[in-house]
Every structure is written in structure tokens, then in C-alpha cells.
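Student: Take a look at the following structure, please.
Where a number appears in this text, it was derived from the coordinates with a stated rule and is not lab data. None of these values were measured; they are calculated from a predicted model. Note that each Cβ is placed from the backbone with ideal geometry, even for glycine, and that neighbours are counted across all protein chains shown.
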Amino acid sequence: MRVTVVGAGVVGAMHAWQAVERGHEVVQIEREAEARGASLRNFGQIWVSGRAGGEELETALRARELWEALGARVPALGFRPNGSLTLVRSGLERAVAEAALARADAAVRGYKLLTPAEARAVNPALRGAYEAALYCERDAAVEPRTAQLALRAQLLKSPNYTFLPGREVREVTGPGTVRDDHGDVHRADAVVLCTGAWLGGLVKELAPDLPVRRVRLQMMQTDPLGEALPTSVADADSFRYYPAYRGESLDRLEAGQPQAPTAAAHRMQLLMVQRADGGLTIGDTHEYEHPFAFDTLEDPYEHLAGVVEGFLGRPLPRIRRRWAGVYAQCTDPGRVVHRQQVRDGVWLVTGPGGRGMTCAPAIAETTANELGW
Ligand SMILES: Cc1cc2nc3c(=O)[nH]c(=O)nc-3n(C[C@H](O)[C@H](O)[C@H](O)COP(=O)(O)OP(=O)(O)OC[C@H]3O[C@@H](n4cnc5c(N)ncnc54)[C@H](O)[C@@H]3O)c2cc1C
């Protein structure tokens with residue numbers, strides 16, 4: 001079977017991986033010299049903790065298994081089962097963590113509620129102030145800036161895999177057939193468009209009423225911390241963004257403890273993970289209204305720096321990088337991803353939202369199974 005994968009972000013990379021693993025001939029086409037979208041700009045969090053129970057959690061847990069297996073075969077992905085700590089600073093926040101522990105699926109996530117001393121035993125860098133910590137043992141991390149490159153280097157070892165960078169797919173010209181901007185035509189048994197948050201142009205022509213929206217986030221990365229931060233870290237504002245925490249305790253938190261004004265204005269939460277070089281990737285904001293800002297704003301960064309310094313009990317290292325990224329998110333919260341046959345032999349897979357890095361291996365596995373690869 002011949003498969004054309006369009007897009008070299010994590011979703012495209014995982015589809016190419018699945019197809020090559022199953023013995024098919026794969027051509028992967030990327031508009032840029034290398035992917036430059038959400039897949040490189042994210043935290044690299046393989047985030048199980050906040051997933052909605054049911055299909056979303058099952059997808060994340062399966063994906064985490066697949067990431068771990070991939071990490072064993074491709075060590076340069078930087079896979080590590082680091083777990084996460086969500087730090088709570090009030091009784092109302094703690095009640096949300098306790099409600100999470102009471103979930104029927106708490107054990108498969110590896111949730112535990114830790115005292116500050118227990119949290120420091122797991123992550124000694126957290127010397128600051130907090131009342132308790134929700135530990136999620138199943139959370140993990142990879143290195144987003146290099147993961148796609150590492151996967152590709154492995155794929156290129158197969159004679160069945162070809163990477164064509166610097167080509168934009170412009171047109172579907174027949175069943176399983178696309179034309180790129182060089183005028184070259186690529187024929188296959190299946191084309192999978194993994195074109196991320198680029199929802200205009202070809203994607204708009206093929207699927208004009210896509211139930212997907214775009215979301216923009218601000219991020220930053222520090223110089224090396226100078227010590228290990230063994231787990232990922234979140235603040236309790238993250239409870240407000242992840243479906244796993246919905247319920248009466250969260251309603252009480254939202255009614256009784258508004259977010260700090262900057263956090264509310266920019267729909268923020270703290271997520272933080274240490275990079276392989278020792279720096280910290282810290283975010284994030286959520287912007288939904290178009291047109292998106294073309295610049296990054298300082299207020300959210302100052303807010304995040306304050307929260308992190310409170311948890312670490314020390315000043316942050318110098319900020320080395322700031323950037324923004326955009327992901328595509330299904331507007332139907334019941335769907336993990338939007339997978340649609342858009343023409344004969346052509347499928348579009350987009351909209352995994354803020355869980356695309358986490359879920360991509362399992363999303364690609366499902367596509368491969370559904371298409372009978
Ligand atoms: C700041 C930020 C932080 C995030 N953090 C996390 C996280 O920690 N954990 C998590 O699970 N998820 C996270 N996400 C979400 C995750 O990054 C995305 O869901 C995921 O990367 C989407 O991957 P993708 O391959 O669909 O898209 P992309 O990475 O955007 O890749 C799409 C590729 O397709 C190419 N392309 C588009 N059109 C064409 C065409 N016509 N022809 C050829 N090539 C084309 C583009 O150039 C691009 O390289 C985050 C997202 C952002 C923005």
C-alpha cells in the first residue's frame with residue numbers, strides 16, 4: 001500500500017510512523033524545510049492528569065504507552081516518565097484535588113494527594129509555599145523541539161520512507177492523488193492531511209465547515225535552573241482548564257476564588273517542565289478571538305514568573321526565549337480529534353487541541369486501524 005502524509009508535525013510524524021511500521025510505502029510532504037508549528041512550540045507534556053474520563057483518557061493512556069515504547073527505540077525523543085505535581089494553595093483548590101482522587105479512574109492516572117514535605121521528597125526544587133500537591137504518576141514528557149527530527153531520522157532508515165520538505169500540497173486531483181506547488185503529482189492508496197492549524201486554503205476547500213477553532217498560547221523558556229526539577233509542575237488554575245476536574249468542587253472554587261486579574265484576562269494556567277538542557281519551559285495563556293495578536297504581552301509572563309518563584313522559593317533564571325503558538329481544537333468536546341474523509345482516498349486529521357502532543361501516537365494508530373493499513 002502507498003500512503004501520502006501531508007504535514008510533518010507530530011500528528012503527521014505519527015501517521016508516517018504507523019504506516020511504515022505496518023510495511024507500507026510512505027511519502028511525507030511538508031511545506032516548510034522543517035515543521036515549525038505547534039508540535040515544536042509545545043511543552044512536550046504527555047499529559048494524562050487532566051483528561052476527561054472515557055475515550056479521551058483511554059486515548060491518552062494508550063498514547064503514553066506508545067510514547068514510552070517509541071522512547072525506548074528512539075532515545076533522542078527524550079521520553080521520561082517524570083510525573084506531575086499540581087500545587088494547591090487554598091482549601092477550595094485542595095477540595096478540587098480531593099474530588100479528583102475520588103474519581104473512579106484516579107488509580108489508572110496514578111493520582112495521589114501529597115503534603116508539602118512529600119511533594120518536596122518527589123521534587124526537591126519545590127521549596128516555596130503551597131498547601132498540598134496532586135501527584136499524577138502517569139504524566140510524562142518529551143523534547144518537542146527535537147522529537148519530530150528524531151522520529152524522522154529513525155524513519156529515514158527504512159527504504160519505504162521518503163520525506164519531501166519545502167513543498168506545499170495545493171490540490172486533490174483524483175482518488176488518493178495530490179499535487180504540490182512544484183507541480184508534482186503524488187498518487188497513493190491513502191492521503192492523510194495532518195496540516196495542523198492551517199485551516200485555510202486547501203483545507204477550507206475540502207472541508208469548508210470544519211468544527212475546529214484556533215487557539216493561541218504564549219510561552220517562555222529560561223536559562224538552566226541549575227538544579228533538577230524532576231516532575232512537571234502545574235498550578236491550581238489548571239483545574240479550570242482540564243475536564244477531569246469538573247464538578248461541584250470546581251464550581252465552588254470558581255465562585256469563591258476568582259483567578260488573579262491577569263490570569264483571568266488571559267485565561268492562564270501555570271504549566272512548567274524542565275528541558276533536557278536544564279531550562280524551564282513555562283506557560284501559558286489562551287487566546288480565542290481573531291485576529292490574534294502578532295506580538296507577545298509582558299503581563300502574562302510577569303504573572304507566571306511570580307507564581308513559579310512562589311513555588312520554587314527562589315528567583316527564576318533569565319528568560320532565554322519567548323514565543324507564541326497556535327493549535328487547532330475540535331469544537332465538539334466529545335471528540336479527541338477531527339478525522340474526516342474529505343475526498344475519495346483522502347482523509348483530514350486535525351483539531352487535537354492542547355492534547356495533540358500527548359495523543360498523536362494513539363490518534364495515528366486509530367487512523368491506521370480504521371483505514372485498514
Ligand atoms: C504553545 C503550545 C503548547 C502546547 N502544549 C502541549 C503539550 O504540552 N502537550 C500536548 O499534548 N499538546 C500540546 N499542545 C498541542 C499540540 O502541540 C498540538 O495539538 C500538536 O502539535 C498538533 O500537531 P499537528 O501535527 O496537527 O500540527 P503542526 O505541528 O502545526 O503541524 C502541521 C504541519 O503541516 C504543515 N502543512 C500545513 N499545510 C500544509 C500543506 N498544504 N502542504 C504541506 N504541509 C502543510 C505545516 O507546515 C506544519 O508543519 C500545545 C500547543 C501549543 C501551541
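Student: So which GluC sites (Glu not before Pro) in the stretch 268-311 pass both tests, a DSSP loop state and at most 14 other Cβ atoms within 10 Å of the Cβ?
Tutor: Within the stretch 268-311, the qualifying GluC sites (Glu not before Pro) (loop, at most 14 other Cβ atoms within 10 Å) are Glu289.
Student: Roughly how tilted is helix 10-21, in degrees to the nearest 10 and between 0 and 90, from the longest Cα axis of the chain?
Tutor: Rounded to the nearest ten degrees, it is 60.
Student: List residues of the stretch 305-324, by number, whose backbone nitrogen lies under 20 Å from a label position 7 Å along Cα→C-beta of Ala228.
Tutor: 312-314, 317
Student: A further question on this structure: May I have the convex hull volume per residue, in Å³, for the Cα set of the chain?
Tutor: 130 Å³
Student: Now, a different point. For the ranges 193-206, 268-281, what's the packing order if you count other beta-carbon atoms within 10 Å of each residue, average per peptide, and put the highest first?
Tutor: Result, highest mean first: 268-281, 193-206.
Student: When the gyration tensor of the stretch 81-149 is built from Cα positions, what are the square roots of 5 times its three eigenvalues, in whole Å, from largest to smallest?
Tutor: Here the semi-axes work out to 23, 17, 10 Å.
Student: Length gain on complete extension for the stretch Asp189 to Trp323, per 0.36 nm per residue less the alpha carbon to alpha carbon distance?
Tutor: Gain on extension, Asp189 to Trp323, equals 44.4 nm.
Student: Taking the Cα centre of the stretch 305-369 as origin and charging only Cβ (+1 Lys, Arg; -1 Asp, Glu), how large is the dipole, in debye to the nearest 20?
Tutor: 420 debye
Student: Cα extents of the stretch 31-81 along the three principal axes, largest first, in whole Å?
Tutor: 38, 23, 17
Student: Please list 84-96, 21-33 highest first by mean number of surrounding beta-carbon atoms within 10 Å per residue.
Tutor: Ranking, from highest mean packing down: 84-96, 21-33.
Student: Mind pulling up the Rg/Rh value for the stretch 210-318? Radius of gyration and Kirkwood radius, both on Cα.
Tutor: My calculation of the ratio gives 0.99.
Student: Also, quick follow-up: Evaluated at 10 °C with a viscosity of 1.306 mPa s, what Stokes-Einstein diffusion coefficient in µm²/s does the stretch 72-120 have when Rh comes from the Kirkwood expression over alpha-carbon pairs?
Tutor: Rounded to a whole number, D works out at 123 µm²/s.
Student: Ok, one more. Set Lys and Arg Cβ to +1 and Asp and Glu Cβ to -1, take the dipole of the chain about its Cα centre, and tell me which of Ala121, Phe294, Thr331 lies farthest positive.
Tutor: Result: Ala121.
Student: In whole Å, what are the Cα extents of the stretch 25-129 along the three principal axes, biggest one first?
Tutor: Rounded to whole Å, the extents work out to 54, 33, 25 Å.
Student: If each residue's Cβ is checked for other Cβ atoms within 10 Å, how do Arg73, Arg64, Arg213 rank with the fewest at the top?
Tutor: Arg73, Arg213, Arg64
Student: Okay, next question. Mind jotting down the three principal axis lengths of the stretch 154-275 based on Cα atoms? Whole angstrom, largest first.
Tutor: Principal extents (Cα only, largest first): 58, 42, 23 Å.
Student: Sticking to Cα atoms, compute the Rg of the stretch 103-197 to one decimal and its Dmax as the biggest Cα-Cα distance, whole number, in Å.
Tutor: Both quantities, over Cα of the stretch 103-197: 23.2, 63 Å.
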